[in-house]
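Worksheet: one structure, shown below.
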């Protein structure tokens, strides 16, 4: 399983600073993955609660296992799509998402559903990726997968990682869904794929864009692709991890 917590460690710090969980909060974590943000929120919110929601059963299994190992009793996880899951109305005092809101088939409907789960005036804090061509990790890895040539850029489609790259679109979606006072801040942090190039290669091979690129290759082409990936990752090995530049939007809004 790909370790998104390690990859996004620097972004987690920035998100946590903006989130400001208080004791007694009831926190909703959208696209919680293996639950790092959910568990941190549960600790900070006690005697309040934190609920993580995600569509991935394996990730939620890991989240529950880690929460139990950490002795957390005020945290829960549900496997469902936040776009249409029936949350208790006006229950949560805070919502958060760490790169988990870009994949909705209908973002306005999803944000409206989240808004209904929040108390009036509650904040929704999220991180979303900026444009694909601003992500060194995306450009470099795709170039290695494309015989060393950068692939032609295309406009972000719904349900992809860059679907919320345009801040005007994000603001429009949130306003239409019942949020106000939307603030979008440019955040730039590196992402880490492992302690060294070989570990990073094993991690990158778990990414969907990598799996799809090598699935139908013959043995010689696959080996050539892996060699290009090794070279790319080795070039970003700082001796303290394999790091790539990236940019995101930190989006903060309030439920009307």
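The values are calculated or read from the model by the stated rules, or taken from the named source; none is laboratory data. Because the structure is a prediction, the values reported are computed rather than measured. Please note: Cβ atoms are built from the backbone with ideal geometry, for glycine as well, and neighbour counts cover all protein chains shown.
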Wholly within region 34-147, strands (runs of 3 or more DSSP E) carrying at least 2 residues that are under 26 Å from residue 162 (Cβ atoms): 49-54, 92-98, 118-129
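To keep it simple, each residue is scored yes or no on (1) crowded, with 23+ Cβ neighbours inside 10 Å; (2) within 18 Å of the chain's Cα centre (by Cα); (3) at pLDDT 95 or above.
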| site | (1), (2), (3) |
| --- | --- |
| 43 | no, no, yes |
| 50 | yes, yes, yes |
| 54 | yes, yes, yes |
| 81 | no, yes, yes |
| 106 | no, yes, yes |
| 119 | no, no, yes |
Selected residue [crowded, with 16+ Cβ neighbours inside 10 Å, at positive phi and touching a residue at least 40 places away in the same chain (Cβ under 8 Å)] from 87, 99: 99
Which listed residue is at pLDDT 95 or above and part of a strand (DSSP E or B), from 200, 181: 181
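Report yes if residue 176 is loosely packed, with under 14 Cβ neighbours inside 10 Å and in contact with a helix residue (DSSP H, G or I) (Cβ under 8 Å, 6 or more places away or on another chain), otherwise no.
Yes: the conditions hold for residue 176.
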Residue 249 being modelled with pLDDT of 95 or more, under 30 Å from residue 108 (Cβ atoms) and in contact with a strand residue (DSSP E or B) (Cβ under 8 Å, 6 or more places away or on another chain): yes
Filter result (in a loop (DSSP other than H, G, I, E, B) and touching a residue at least 24 places away in the same chain (Cβ under 8 Å)) within region 206-225: 206, 207
Filter result (touching a strand residue (DSSP E or B) at 6+ places or on another chain (Cβ under 8 Å) and either surrounded by fewer than 21 Cβ atoms within 10 Å (Cβ to Cβ) or not in a loop (DSSP other than H, G, I, E, B) (or both)) within region 5-19: 6, 7, 9, 10, 11, 12, 14, 15, 18, 19
Residue that is nearest to residue 137 (Cα to Cα), among those in region 226-244 that are out of contact with any helix residue (DSSP H, G or I) (no Cβ under 6 Å at 6 or more places or on another chain) and either touching a residue at least 40 places away in the same chain (Cβ under 8 Å) or not in a helix (DSSP H, G or I) (or both): 243
Residue list for region 56-77, restricted to those being in contact with a strand residue (DSSP E or B) (Cβ under 8 Å, 6 or more places away or on another chain) and surrounded by 12 or more Cβ atoms within 10 Å (Cβ to Cβ): 56, 60, 63, 64, 67, 74, 75, 76, 77
